[in-house]
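Beneath this line is the structure, given in structure tokens, with notes to follow.
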Amino acid sequence: MQENKETSVRIMEWKELQEKERSRMEDLLMQSVRRLEPAYWVGVKLQDDCLYGAFCFHENLEAKKRVMSAAFLLNTQEFLMVVLKDEKKVLYNCPRLTGNGGMEETLEAVFESVLKRGQQKVEEMERYLIDMEQEIVGGKIHRNRNSSIFECKRLLTVWKNDYVQFLNMIEGINGLEEKKKDGQGAVLNEESACYFRVYENKLKHLTEETQFLYEELVHIREALDAALSYEQNRIMKLFTTVTTIFMPLSLIAGWYGMNFEGMPELHWRYGYIFVSVLSVMVVVACFWFFKRKKLF
């Protein structure tokens with residue numbers, strides 16, 4: 001729990017909120033959590049004179065498994081957040097949450113920690129995709145490459161949906177604040193409102209990077225298909241060349257396999273040697289021709 005003389009900043013767990021004697025803000029937050037169920041709902045709405053928001057994030061490919069979910073109430077005087085789930089300790093590992101900073105410092109600590117986590121995951125995925133594409137271009141094609149691409153696609157889809165939902169929440173905060181400001185009685189002070197506008201731009205950039213990686217994955221899949229087609233064509237060309245080289249030998253064997261008594265080479269002393277030398281010469285000539293044409 002954190003407090004400040006000018007602004008009240010409090011972060012607590014769901015169990016703590018249930019067991020303590022609650023203030024009006026805390027009771028309002030608890031009722032909102034129970035009614036809107038942040039495990040399934042992500043967004044922001046006006047709640048009396050406060051902004052109520054809820055967000056959650058995934059960490060793996062299971063669409064129903066979330067490693068972090070939280071809800072908060074925010075107005076000009078107080079920021080109250082309840083952490084419902086935080087398996088990776090994304091929020092609690094932020095050192096600025098343990099200090100006595102004001103509301104703007106706490107907002108930055110909470111939301112920037114989420115943004116930083118997302119940026120790290122995107123950067124790791126970007127390096128992984130670059131290495132994958134480099135291996136494909138270099139001719140290293142593994143049997144499980146298609147499976148790896150599909151898993152990356154699923155993971156990026158989950159991340160993209162999370163960031164888009166989180167961006168919608170931040171845009172909702174800014175939109176509701178502008179609407180309130182036009183009708184007087186703004187919920188946020190000027191510093192907090194300015195921070196959310198800046199944070200919206202950062203989150204848009206992260207969402208665009210995730211979308212870019214998703215599109216890059218499509219190009220990698222196309223590069224893999226092209227590499228597989230090239231490898232298959234190379235193998236077929238090799239087989240065709242070998243078959244073409246030995247095709248004249250089949251003609252020679254068929255020609256001299258006919259048992260006609262009038263065949264001159266049939267009773268010739270050097271007939272066998274002649275056919276053997278002829279076969280070798282034909283193979284060497286075909287090999288030289290195809291090598292010169294760079295067919296293998």
Flag if Phe55 is among the aromatic types (Phe, Trp, Tyr) and at pLDDT 85 or above
yes
Conditions (1) at pLDDT 85 or above; (2) closer than 30 Å to Phe150 by Cα; (3) of a type outside the set (Gly, Ala, Ser); number of the one not met by Leu228:
(1)
Residue under question is Glu191, and the condition is that it be assigned to a helix (DSSP H, G or I), open to solvent by 30 Å² or more (accessible area, probe 1.4 Å) and under 18 Å from Ile130 (Cβ atoms); does it hold?
no
Looking for something among the small types (Gly, Ala, Ser), more than 30 Å from Phe166 (Cα to Cα) and either in contact with a His (Cβ under 6 Å, 6 or more places away or on another chain) or modelled with pLDDT of 85 or more (or both) - is there at least one such residue anywhere in the stretch 260-277?
yes
Sort out which residues of the stretch 107-164 are in contact with a Gly (Cβ under 9 Å, 6 or more places away or on another chain) and of a type outside the set (A, V, I, L, M), and write them in order of number.
Glu108, Trp159, Asp162, Tyr163
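Whether any residue in the stretch 214-222 is within 24 Å of Glu123 (Cβ to Cβ), touching a strand residue (DSSP E or B) at 6+ places or on another chain (Cβ under 8 Å) and not in a loop (DSSP other than H, G, I, E, B) is what I want to check. Quick ask: steps written out before the conclusion?
Filtering the stretch 214-222 down to residues within 24 Å of Glu123 (Cβ to Cβ) leaves 214-222.
Add one more test, that the residue is touching a strand residue (DSSP E or B) at 6+ places or on another chain (Cβ under 8 Å), and what stays is none.
For the stretch 214-222, residues within 24 Å of Glu123 (Cβ to Cβ), touching a strand residue (DSSP E or B) at 6+ places or on another chain (Cβ under 8 Å) and not in a loop (DSSP other than H, G, I, E, B): absent.
Out of Lys116, Lys179, Lys202, report the one residue that is assigned to a helix (DSSP H, G or I), within 21 Å of Val44 (Cα to Cα), open to solvent by 30 Å² or more (accessible area, probe 1.4 Å) and at pLDDT below 90.
Unique residue meeting the criteria: Lys179.
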Assess whether Glu231 counts as being in a helix (DSSP H, G or I) and within 30 Å of Cys152 (Cα to Cα).
yes
Please enumerate the residues belonging to the stretch 210-260 that are touching an Asp or Glu at 6+ places or on another chain (Cβ under 8 Å) and hydroxyl-bearing (Ser, Thr, Tyr).
Tyr256
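This table checks each residue for (1) open to solvent by less than 70 Å² (accessible area, probe 1.4 Å); (2) without any contact (Cβ under 8 Å) to a residue 24 or more places away in the chain; (3) over 30 Å from Glu133 (Cβ atoms).
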site	(1), (2), (3)
Leu251	no, yes, yes
Tyr256	yes, yes, yes
Pro264	no, yes, yes
Val283	yes, no, yes
Cys286	yes, no, yes
Tell me which residues, restricted to the stretch 144-176, are closer than 15 Å to Glu126 by Cα and β-branched (Val, Ile, Thr).
Ile149, Thr157
Only residues that are loosely packed, with under 12 Cβ neighbours inside 10 Å and either in a helix (DSSP H, G or I) or acidic (Asp, Glu) (or both): list them for the stretch 266-275, please.
His267, Tyr272, Ile273
How do the pairs read when you match residues in the stretch 232-246 that are closer than 19 Å to Ala285 by Cβ with residues anywhere that are part of a helix (DSSP H, G or I) and open to solvent by 100 Å² or more (accessible area, probe 1.4 Å), using Cβ under 7 Å and keeping only pairs 6 or more apart or on different chains?
Ile245/Phe287
Go through the stretch 227-249 and give me each residue that's open to solvent by 60 Å² or more (accessible area, probe 1.4 Å) and of a type in the set (A, V, I, L, M).
Leu228, Ile235, Met236, Leu238, Val242, Met247
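The values are calculated or read from the model by the stated rules, or taken from the named source; none is laboratory data. Owing to the predicted nature of the structure, the values given are computational and were not obtained by experimental measurement. Ideal geometry is used to build each Cβ from the backbone, glycine not excepted, and the neighbour counts take in all protein chains shown. The area values use the complete protein model at the heavy-atom level, side chains included, leaving out ligands, DNA and RNA. Shrake-Rupley method; radii C 1.70, N 1.55, O 1.52, S 1.80 Å.
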